[in-house]
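The next block holds one structure in the form of structure tokens; read it before the comments.
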Amino acid sequence: MATHAPMIPRTALKYMTRFRCIGPDCEASCCVGWGITLDQPHYQRLRRALVAGKDARADFDAKIQRIHGPAHSPSRHALMVLQDDGKCPMLSPDWLCSLQTRFGEGLLPDTCAMYPRWVTRIRGHLELTGVTSCPEVTRQLLLADDAIDVVEADPAIFARPLIVHREVPDVAAPYPHLHEAVRDVVLLLLSVRDLSHADRLFLVAYFGHRTAPFFHQESSEPLDVRFAAEADRMADPALQRELAVRRAQLPTGHDVAVSLAMHLLAHRASPVQNDAFNQLIGDAIQALAGDGDALAGGPVEPAKLLAAYEISKRRWESAFGPRLDQYFSNLAKNYWIREPYTLSTNLLVHTHTLLVRHAVIRFLLFGHPLLAGPVDAADAATLLDRAIVEVVHRFSRRFEHDQRFMTTLSERLADRGMQTLAHAACLLAF
Ligand code: SF4
């Protein structure tokens, strides 16, 4: 009698059960500008399928080139050669993948078959989330209030279930050992009723601050008891309310805001790539500063920029507070589920990384040209949705390919001693 391997339990965040690639309708197709590598088996299967004569062989070799020398490995066996306009050579004029159209998913390279899925193995279980460099994933993640619900998932939506992007180690080391417990506490704090999203994030920062002395990458003793005591303490509604009051009384921290503004201004002035992300920064500075100097790429006073940013932020927050809370709450939960805290020294540092990203996203959102000037009330919510989706997917696309912008900003804040609980409150107020 045949025996079957036991089915691996699978879950997904709800937004990934709704995700469908929108192909030709996509505003930022992943088939443009991305060099895709092929592993050896997929290269050979494609070659067998596509090469049926001398001309076809030359065409194939021009479109998919072998990798030689030290850059070669079995998983990096060949490379799709992008056309002069940056498009994948397999993209047809109607913006559909010609490989998928002719042969189905089976012949696609792993990267193409999996993107924008992100599969994590957490001990014996697989979990599907998505990467926000895909605008359709971003829409599904940000625009539905139940997007972050964890649901049982059909294996079919995992595309190739054997690919695991990141693995939560099944080890006894004290810091990673509490992975599920950390996630439970943080998601609980991010869902506390009757508090704003900023207050909830402050609870998470405070939890990181309290646990940092004993719960960190260098911890060598079992931490379960101390961690559980801190987690229980955080569950107290009276403490939660008291912390929200305390946050409101903390200074809003002009120095953090100026550091952020200086970094964005310096980035605009630097001669790095003229990509969509830089364009977004330039547009936001121009829309906020709104004068001839900014239009000409000239100097802009950080104080003037911050004052204009503050006005735009207040305007949109007073009209769309709950909608904005939903965007940033879903982003925050997705971050804690998808990006292991074990990459950060401790939970406060991990929270800071998120807060710095959100501060940049807020600047680009409230400076977005779509939100500048008078807006028809009937269109305002739609414009806000369009602006946040564009900001988040462009930010993520840049971030996934080049982390320097965010790394140097985080280093700038860390060098100035700005990774404390008080500075977390300043970032939340930005
Ligand atoms: S970026 Fe997302 S929606 Fe756009 S073509 Fe790629 S997978 Fe499809």
Next on the checklist: Below 27 Å, Cα to Cα, which lysines can K14 reach? Residues fewer than 8 away in the same chain don't count.
Outcome noted: K333
Checklist entry - What is the packing order of peptides 388-397, 187-196, taking the mean over residues of other C-beta atoms within 10 Å and listing the highest first? => result 388-397, 187-196
Next on the checklist: With +1 assigned to the C-beta of every Lys and Arg and -1 to the C-beta of every Asp and Glu, and no other charges, what is the dipole magnitude of the chain about the Cα centre in debye, to the nearest 20?
Outcome noted: 640
Checklist entry - Between F214 and V51, what is the spin-label point distance in nm, taking each point 7 Å from the Cα along the Cα→C-beta axis? => result 6.3
Item to check | Residue-by-residue Karplus 3J(HN,Hα) for region 174-186, coefficients 6.51, -1.76, 1.60, Hz, glycine and proline x | outcome: x, 5, x, 4, 8, 3, 5, 5, 4, 4, 4, 5, 5
Checklist outcome for this item: Sequence order, region 15-27: Karplus ³J(HN,Hα) from phi using 6.51 cos²θ - 1.76 cosθ + 1.60, θ = phi - 60°, Hz rounded, Gly and Pro as x, gives 4, 7, 6, 9, 5, 9, 4, 9, x, x, 8, 6, 7
Next on the checklist: Given points 7 Å out from each Cα along the Cα-Cβ axis, report the A58 to L383 separation in nanometres with one decimal.
Outcome noted: 5.5
Checklist outcome for this item: Taking Cα atoms, the helix 237-249 axis meets the longest principal axis of the chain at an angle in degrees (rounded to 10) of 80
Next on the checklist: From Cα pairs below 8 angstrom and at least 6 apart in sequence, can you work out the relative contact order of region 179-332, rounded to a whole percent?
Outcome noted: 20
Next on the checklist: Given a 1.4 angstrom probe, what's the average accessible area per residue across the chain, in square angstrom?
Outcome noted: 48
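Quick one: with all protein chains in place, what share of the accessible area of the chain is carbon or sulfur, to the nearest percent (1.4 Å probe)?
Working: 11280 of 20630 Å².
Whole-percent figure for carbon plus sulfur exposure: 55.
Which value, in debye to the nearest 20, gives the size of the charge dipole of region 10-167 about its Cα centre, when Lys and Arg are +1 and Asp and Glu are -1 at the Cβ? Could the numbers behind the result be given before it?
Numbers: 20 positive and 19 negative charges, 139 e Å.
Charge dipole, region 10-167, about its Cα centre: 660 debye, nearest 20.
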Next on the checklist: Can you classify region 1-104 as rounded, prolate or oblate using the Cα gyration tensor, where a ≥ b ≥ c are the square roots of its eigenvalues, rounded means a/c under 1.5, and otherwise it's prolate if a/b beats b/c and oblate if not?
Outcome noted: oblate
Item to check | Euclidean distance of C-alpha centroids, region 362-380 and region 383-408, integer Å | outcome: 17
Checklist entry - I36's amide H: which non-local residues (gap 5+, or another chain) put their own amide H closer than 5 Å, with H modeled 1.01 Å from N in plane and none for Pro or chain starts? => result M80
Checklist outcome for this item: With a ≥ b ≥ c from the Cα gyration tensor eigenvalues, square-rooted, and the rule rounded for a/c under 1.5, otherwise prolate when a/b > b/c and oblate otherwise, the chain is oblate
Checklist entry - How about K313: which lysines have a C-alpha closer than 21 Å to its C-alpha, ignoring those fewer than 8 places off in the same chain? => result K304
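How high is the relative contact order of the chain, in percent, with contacts defined as C-alpha pairs under 8 Å that are six or more residues apart?
Details: 526 pairs, mean separation 81.2, N = 430.
RCO, the chain: 19 percent.
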Next on the checklist: I need the shape label for region 247-429. Rule: rounded when a/c is under 1.5, else prolate if a/b > b/c, else oblate, with a, b, c from the alpha carbon gyration tensor.
Outcome noted: rounded
Checklist outcome for this item: Subtracting the Cα-Cα distance of V81 and Q403 from 0.36 nm times their residue separation yields 113.5 nm
Next on the checklist: Looking only at region 10-167, where both bridge partners belong to it, what percent of the DSSP beta bridges are antiparallel (to the nearest 5)?
Outcome noted: 75
Checklist entry - Which lysines, on any chain, are close to K87 with Cα under 18 Å apart, when same-chain ones fewer than 8 places away are left out? => result K63
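In what sequence, largest accessible area first, do M262, M7 appear using a 1.4 Å probe? Intermediate results must be reported in sequence, preceding the final value.
Values: M262 80, M7 145 Å².
The most accessible residue leads, giving M7, M262.
Among residues other than E390 whose Cβ falls under 13 Å from its Cβ, what is the net charge (Lys/Arg +1, Asp/Glu -1)?
On the way: positive: R139, R386, R394, R397, R398; negative: E27, E136, D283, D385.
Every neighbour counted, the sum reads +1.
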Item to check | Overall Cα dimensions of region 115-158 - principal axes, largest extent first, Å | outcome: 31, 22, 18
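With an 8 Å cut-off on Cα pairs and a minimum separation of 6 or more residues, tell me the relative contact order of region 247-429 in percent. Numbers along the way, then the final one.
Numbers: 128 pairs, mean separation 67.3, N = 183.
For region 247-429, the relative contact order is 37 percent.
The values are calculated or read from the model by the stated rules, or taken from the named source; none is laboratory data. Treat the numbers as computed from the prediction; the structure is a model and nothing was measured. With ideal geometry, Cβ positions are generated from the backbone for all residues, glycine too; neighbour counts draw on all protein chains shown. Keep in mind that these areas ignore ligands, DNA and RNA; they rest on the heavy atoms of the full protein, side chains included. Shrake-Rupley method; radii C 1.70, N 1.55, O 1.52, S 1.80 Å.
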